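Novice: The structure is given below, and queries will be raised subsequently.
The values are calculated or read from the model by the stated rules, or taken from the named source; none is laboratory data. Remember, it's a predicted structure, so these values are computed and weren't measured experimentally. Cβ sites come from the backbone with ideal geometry, for glycine too, and all protein chains shown count toward neighbours.
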Amino acid sequence: MSLPPNVSQTAFDAALKAWRQSVGGEWVFTEAADVALYRDAYSPFYGEPEERVASAAVAPATLEEVQAVVRTANQHRIPLYPISTGRNLAYGGSAPVHSGSVVLDLKRMNRVIEVNERNAYALVEPGVSYFDLYDHIQKAKLDVWIDPPDPGWGSVIGNALDGGGGWTAAPFRDHFGSHCGMEVVLANGEVVRTGMGALPNSKSWQHSRWGFGPWVDGLFRQSNFGVVTKMGFHLMPRPDALMTSTVTSMRDEDIVPMLDVLNRLEAQHLVNGSTQIFGGPNRPGAGSPTWTIQVPIYGPEPVVRAAMDYVKAKFTAIPSLKFTEGELFRTPLSPDALTRVRLVNFGIPNLSTFAMLGRNPGNPDPAGGHIGFSPIVPRTGESILEFRRYYDEHVTKSSVGRELGVVGPVYMTCWERTLVCLIMFPIGRDKARNTKVRALFEKLVRVAADRGWAEYRAPAAFQDLIASTYSYNDSSLTRLRETLKDAVDPNGILSAGRYGVWPKHLRKA
Amino acid sequence: MTSRREFLEVAALSAVPAIAGTPLKAAATTVSPQASAFDALQLLLFDERYSQSRDVATRMSRTGAAVHSLADGDVTQVWLNRIAPAWQRGPSIVAGVTARPALFCLEQLALSSGLRVVFHAEHVIHADGSTEHSLLRGAESLDLSSSDLNRAGARWHARIADALTRYRPSTAQSRVGRSEAALEPFLPPRTQLLTSWIIGGDRS
């Protein structure tokens with residue numbers, strides 16, 4: 001059994017004893033074989049001394065048990081690292097940022113507390129996965145959709161708190177943005193409900209997110225200020241139809257007007273699906289379009305068709321663009337349609353992304369296990385062209401004939417008005433290669449920051465580096481976060497170092 | 001109620017929906033009259049994109065194994081409709097000759113049912129057709145060695161089919177952790193990687 005950092009054997013033994021009393025001995029894990037299951041499957045330091053690992057794990061099943069575990073940790077100054085289902089692959093998995101922390105595993109808290117069809121919302125616990133919520137809705141025959149990410153086996157709450165996104169309509173595919181109300185256990189064990197939930201016997205916790213006074217929910221996103229034990233989400237009433245058309249161009253410079261048109265249509269809420277942009281250095285071959293944009297519209301069929309006519313008119317006003325109207329799919333999908341669509345676009349969770357990203361005859365040089373480099377850049381064609389130059393200069397050259405097998409860039413529009421230029425860095429069993437991947441990743445972070453771009457999410461190994469690039473006014477944002485951290489978690493027991501926020505006793509000068 | 005062991009070996013997915021399903025053997029794609037020979041093995045998954053995988057499925061189905069095709073390597077449907085319901089009822093053995101991601105996903109799911117990867121081999125298929133084999137776990141329980149596979153040459157998959165057919169769960173299954181399925185070995189460009197595997201083991 002290993003000890004958490006800066007914790008004496010006596011203190012740890014006392015904490016373990018208290019936790020066993022609180023949650024039951026069978027839910028406190030200290031044996032190496034058990035704790036190893038919390039390793040990050042895609043750690044960029046996999047198998048190396050610097051890999052971040054847990055020292056133990058404890059798995060409460062109720063709010064009261066979470067409170068008890070946290071109070072004990074606070075009393076004995078034991079660092080905790082809460083996880084939901086631990087599926088944040090490519091961005092850290094279930095391993096703690098501060099190596100040696102005790103994983104606070106919330107998978108047993110897996111109740112779907114409510115799904116309200118009439119007002120289209122859900123209230124869930126952290127252990128509820130997208131598969132679970134989908135299954136609950138299907139069994140109850142409720143006419144609402146969830147918005148699963150790729151893949152769908154993760155926690156609904158965990159994905160939202162990590163800043164994840166999905167593939168259906170806005171605003172639902174912004175998972176944190178579509179939440180409504182939280183229940184949080186603070187480091188001292190106190191329970192807080194946010195928004196309308198702060199009203200005892202509130203009738204509108206999941207109906208309105210703002211409540212009264214300063215809104216604090218954002219403090220719990222990608223953070224270490226509390227343990228979220230319940231969260232509400234607005235769901236999408238099942239749309240009658242989805243139609244996805246395609247706009248292509250053979251001209252490189254056309255990405256500028258293409259994106260301008262798309263942005264305007266999206267800001268007008270005419271294009272509400274997750275647009276995808278393909279092109280640039282990934283162009284598949286001679287004769288293929290230089291740029292391809294997919295334009296999905298969800299809604300009632302007459303509205304979808306009318307909106308698509310308008311969208312077509314706007315794109316085809318640019319003579320060099322080609323507009324291809326896509327098939328309209330009515331929902332619920334027919335069995336035949338189910339085999340022809342990308343399921344996540346229809347709110348159906350699945351695991352196909354692993355097969356797609358894996359090595360196979362059609363994909364001989366895959367990313368496989370990978371970490372995501374995910375800078376946010378302005379949503380303009382000029383930025384995409386600049387990002388492509390940046391990629392050509394720093395990635396293609398640095399990867400030396402694709403030696404590292406870097407895959408990208410993938411232009412993602414998970415959220416309205418936002419463009420993420422994702423690059424996937426393969427992580428494998430070859431430590432020397434992983435070392436090169438890490439060096440390139442770190443270089444890209446710095447070079448991107450020089451251009452005014454920064455990542456929205458990152459694996460634990462790079463969170464300090466990326467946080468350091470958000471350095472406006474002598475890192476005043478970091479200092480504000482540290483001030484808040486010291487106030488709400490003075491002993492620094494919760495998720496030390498997560499997203500670059502360290503407690504006072506672990507802060508570097 | 002989930003047991004401590006099932007939960008633990010999770011790290012995983014609480015995510016096994018309780019979808020009604022049929023027993024694996026009854027739902028088999030192919031079941032021969034000699035099915036009793038396969039009491040140990042409940043289902044073989046094969047990836048129809050690979051001739052070697054198809055050959056193993058053909059051989060095993062002839063002798064009574066239930067086999068299921070993965071058209072594109074994705075395990076979602078077979079897991080939801082067949083494997084998850086079976087694992088909710090109790091431990092049952094699933095094997096495969098598939099691409100690596102199928103094993104990775106099913107291992108993660110298996111851990112939450114108290115099951116483990118008890119056999120894992122990798123077959124690196126080079127552009128010239130030659131194949132390198134790495135036996136990573138449990139080969140001894142199948143009486144299988146790399147030299148066996150090398151001797152078999154281009155017909156190595158017949159040897160794998162034979163070994164999978166003979167597998168019987170051990171009553172003294174040692175406790176093992178996660179396999180190496182999450183990450184790939186370093187491979188030269190244009191090579192393919194097939195995995196042979198068995199997920200099984202008793203609940204402990």
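Novice: Every residue in segment A:107-130 that is assigned to a strand (DSSP E or B) and in contact with a strand residue (DSSP E or B) (Cβ under 7 Å, 6 or more places away or on another chain), please.
Specialist: A:Val112, A:Ile113, A:Glu114, A:Val115, A:Tyr121, A:Ala122, A:Leu123, A:Val124, A:Ser129
Novice: Being out of contact with any Lys or Arg (no Cβ under 9 Å at 6 or more places or on another chain) and either surrounded by fewer than 22 Cβ atoms within 10 Å (Cβ to Cβ) or modelled with pLDDT under 95 (or both) narrows it down to one of A:Ala68, A:Ala122, A:Ala73, so name that one.
Specialist: Result of the check over A:Ala68, A:Ala122, A:Ala73: A:Ala68.
Novice: If you go through segment A:394-451, how many residues are out of contact with any helix residue (DSSP H, G or I) (no Cβ under 9 Å at 6 or more places or on another chain), of a type in the set (Ser, Thr, Tyr) and either part of a helix (DSSP H, G or I) or in the same structural domain as A:Leu265 (by TED's automatic domain parsing) (or both)?
Specialist: Total meeting the criteria: 1.
Novice: Still on this structure, please answer the following. Within segment A:188-208, how many residues are assigned to a loop (DSSP other than H, G, I, E, B) and crowded, with 24+ Cβ neighbours inside 10 Å?
Specialist: 3
Novice: Let me ask another. Pick from segment A:450-480 the residues that are in contact (Cβ under 8 Å) with a residue 40 or more places away in the chain and of a type in the set (D, E, K, R): which of them is surrounded by the fewest Cβ atoms within 10 Å (Cβ to Cβ)?
Specialist: For segment A:450-480, the residue satisfying everything is A:Arg451.
Novice: Filter the helices (runs of 4 or more DSSP H) completely within segment A:282-384 down to those with at least 1 residues that are at pLDDT 95 or above and not assigned by TED's automatic domain parsing to the domain that holds A:Val261.
Specialist: Hits in segment A:282-384: A:335-338.
Novice: Looking only at segment A:33-59, which residues are outside any loop (DSSP other than H, G, I, E, B) and either more than 9 Å from chain B (Cβ to nearest Cβ) or buried (at least 21 other Cβ atoms within 10 Å of the Cβ) (or both)?
Specialist: Listed by number, the residues that qualify are A:Val35, A:Leu37, A:Tyr38, A:Ala56, A:Ala57, A:Val58.
Novice: Looking for whichever is farther than 21 Å from A:Ser223 by Cβ and either loosely packed, with under 15 Cβ neighbours inside 10 Å or not acidic (Asp, Glu) (or both) here; the options are A:Thr435, A:Thr418. Which one fits?
Specialist: Every option except A:Thr435 fails the conditions.
Novice: Please verify whether A:Asp486 is closer than 27 Å to A:His175 by Cα and at pLDDT 95 or above, treating the condition exactly as stated.
Specialist: no
Novice: Sort through A:Lys443, A:Lys397 and tell me the only one that's modelled with pLDDT under 90, surrounded by fewer than 18 Cβ atoms within 10 Å (Cβ to Cβ) and away from chain B (no Cβ under 13 Å).
Specialist: After ruling out the rest, the residue left standing is A:Lys397.
Novice: Looking at A:Gly24, A:Gly47, A:Gly93, can you tell me which residue is under 24 Å from the mean Cα position of the chain (by Cα) and on the phi > 0 side of the Ramachandran plot?
Specialist: So the residue among A:Gly24, A:Gly47, A:Gly93 that is under 24 Å from the mean Cα position of the chain (by Cα) and on the phi > 0 side of the Ramachandran plot is A:Gly93.
Novice: Next question. Among the numbered criteria (1) buried (at least 20 other Cβ atoms within 10 Å of the Cβ); (2) part of a helix (DSSP H, G or I), which single criterion is violated by A:Asp260?
Specialist: Here A:Asp260 clears every test but (1).
Novice: Within segment A:294-317, is there a residue that is surrounded by fewer than 14 Cβ atoms within 10 Å (Cβ to Cβ), away from chain B (no Cβ under 13 Å) and of a type in the set (Gly, Ala, Ser)?
Specialist: The answer is yes; a qualifying residue exists.
Novice: Going through segment A:490-502 one residue at a time, which ones are assigned to a loop (DSSP other than H, G, I, E, B), at negative phi and surrounded by 23 or more Cβ atoms within 10 Å (Cβ to Cβ)?
Specialist: A:Ile493, A:Ala496, A:Val501
Novice: Okay, moving on. Answer yes or no: is there a residue in segment B:120-136 that is within 14 Å of the chain's Cα centre (by Cα), more than 10 Å from chain A (Cβ to nearest Cβ) and modelled with pLDDT under 95.
Specialist: no
Novice: On to the next question. In segment B:79-97, what residues are buried (at least 21 other Cβ atoms within 10 Å of the Cβ), of a type outside the set (Gly, Ala, Ser), outside any helix (DSSP H, G or I) and more than 14 Å from chain A (Cβ to nearest Cβ)?
Specialist: B:Ile93, B:Val94
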